[in-house]
1. Can you name the number of the only condition in (1) over 22 Å from T240 (Cα atoms); (2) outside any loop (DSSP other than H, G, I, E, B); (3) at pLDDT below 90 that T184 fails?
2. Can you name the number of the only condition in (1) under 27 Å from D246 (Cβ atoms); (2) more than 23 Å from the chain's Cα centre (by Cα); (3) at pLDDT 85 or above that K26 fails?
3. Would you point out which residue out of T233, T240 is touching a Pro at 6+ places or on another chain (Cβ under 7 Å), under 29 Å from Y91 (Cβ atoms), touching a residue at least 24 places away in the same chain (Cβ under 8 Å) and not in a helix (DSSP H, G or I)?
4. Just a yes or no: is a residue in the stretch 34-42 at pLDDT below 50 and either touching an Asp or Glu at 6+ places or on another chain (Cβ under 8 Å) or outside any loop (DSSP other than H, G, I, E, B) (or both)?
5. Among what's in the stretch 104-132 and is modelled with pLDDT under 85 and not small (G, A, S), pick the residue that is surrounded by the fewest Cβ atoms within 10 Å (Cβ to Cβ).
6. Suppose the filter is farther than 13 Å from G331 by Cα, in a helix (DSSP H, G or I), touching a residue at least 40 places away in the same chain (Cβ under 8 Å) and not hydroxyl-bearing (S, T, Y); does L393 pass it?
7. Any idea which residue in the stretch 49-65 is surrounded by the most Cβ atoms within 10 Å (Cβ to Cβ), counting only those that are modelled with pLDDT of 80 or more and over 19 Å from L200 (Cα atoms)?
Amino acid sequence: MLALAALAVFALSRGSDYDRSPLGNKGLELWLQAKGIPVLRSDSHIARARSEISLRIVPLSIRQNGVAAPQADEKTNDLGPENPAEEASHYALPTLIIMPKWRGNVSIDGVASESGLIDLTDIRSELDRIGYSDLGLNRSENGFEEAHPYLKPDQPIRIALYHAQTFDLASLPSNCKELAGTLTGALLVRCENYPRVYLLSDPDLLNNHGLALADNASFAVSLVTLLRKAGETRPVYLDTSGQPLDSKKPVDEGRTYERSASDLKRFFAYPLSVIWGTLILVAAICFWRGAYRFGPPLREASANIEMSKTAAIEATARLLRLSGNDGRMTGQFVLHLLADKAQLFFGPGAGNEAGIERLFQRLARRDQATAKALHSSAQALIDRGHVMTRADLHRNLEIFRKSLGSIDLGSR
């Protein structure tokens, strides 16, 4: 499932990239909408109906990765998309079919050069497939060329094309009419066998690459306005998927259900009742465990700082015992006890190493032997308590306790 989701996201991102590439039609969509013409884009999951749209625009593509499509009388297992020309006649739908011109690598490289042009033979094969085998195509050998096609008699528009691709006027069938063109060929034609179909020879008049050139954008708006007829309000259908149309608009199959309070009972019916019971049981166990672990809440907070210090000391001692650091805990106890005694005699600022040394000097003046024993046992516990055996730890601690208790500290 994850792999399928990743492929779907990848496909969507590729489609979005193509729409914004030089060969895409995102610019045409935004430009028409800016001019007040609504646009619908094709979706492979949604079939559009004839009644929904006013004009269908179909960019013709070379199938099978640039290889010419099979002829109409050739047998093939791939039926391919529906013929847009036949659909246009069946539904009486104005349809603009745009001839291909560029290979797919142009959308990836982002550069439209002569090497990216499709061979005209492949394009003629596509014309044969949709029923226009009599039309011929020419392509200019020059680079950029300008022309002034007249879609309306009083509206000259200057267009620019790179290697302009046009229908051959010399071989234009008698049942086909040129609607717009250059001095050397026809850009837009319509034939009597498919009177609702309009063929545009050069896609650069409508794709992202061409809309930025000269007045190509104005030509695109004039062309769409002309083909969808005046006063039309239905959107233009930009069909890039080649999906066949529906004969009628799809009906919304959604159903509206009435809801009542009795529907709530379904949330407590089996097997949901088992889930709710399990959740209640787990919550009860959690509350009971919390009350048992921490005890009942205190009715009032104690302001006694000594109780807080005692609780902190007990917690630290418990952690040290659990971690097997009895010796380190004993050394800290001796050091803090001596610091408290030094502060008691010499003031609050004497609880440091200098203050403890001064305390030993004071004790030595009273009883030098006992003071020496006290100093050696205290120093041993502080420096080496964490590496002493349990027997040595108890022996030194007992010497320290007796020595400290036997000395008369006197008054401050």
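1. (2)
2. The single condition K26 does not satisfy is (2).
3. T240 is the lone residue from the list that is touching a Pro at 6+ places or on another chain (Cβ under 7 Å), under 29 Å from Y91 (Cβ atoms), touching a residue at least 24 places away in the same chain (Cβ under 8 Å) and not in a helix (DSSP H, G or I).
4. Scanning the stretch 34-42, I find no residue that is at pLDDT below 50 and either touching an Asp or Glu at 6+ places or on another chain (Cβ under 8 Å) or outside any loop (DSSP other than H, G, I, E, B) (or both), so the answer is no.
5. Going through the qualifying residues, I end up with E114.
6. No, not satisfied.
7. Out of the qualifying residues, it is I53.
To keep it simple, each residue is scored yes or no on (1) among the aromatic types (F, W, Y); (2) within 13 Å of L151 (Cβ to Cβ).
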residue: F167; (1), (2): yes, no
residue: A170; (1), (2): no, no
residue: A180; (1), (2): no, yes
residue: P195; (1), (2): no, no
residue: S201; (1), (2): no, no
residue: G210; (1), (2): no, no
residue: S218; (1), (2): no, yes
residue: T225; (1), (2): no, yes
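The values are calculated or read from the model by the stated rules, or taken from the named source; none is laboratory data. Here the structure is a predicted model, which is why all the values come from computation and not from measurement. Virtual Cβ from ideal backbone geometry, glycine too; neighbours counted across all protein chains shown.
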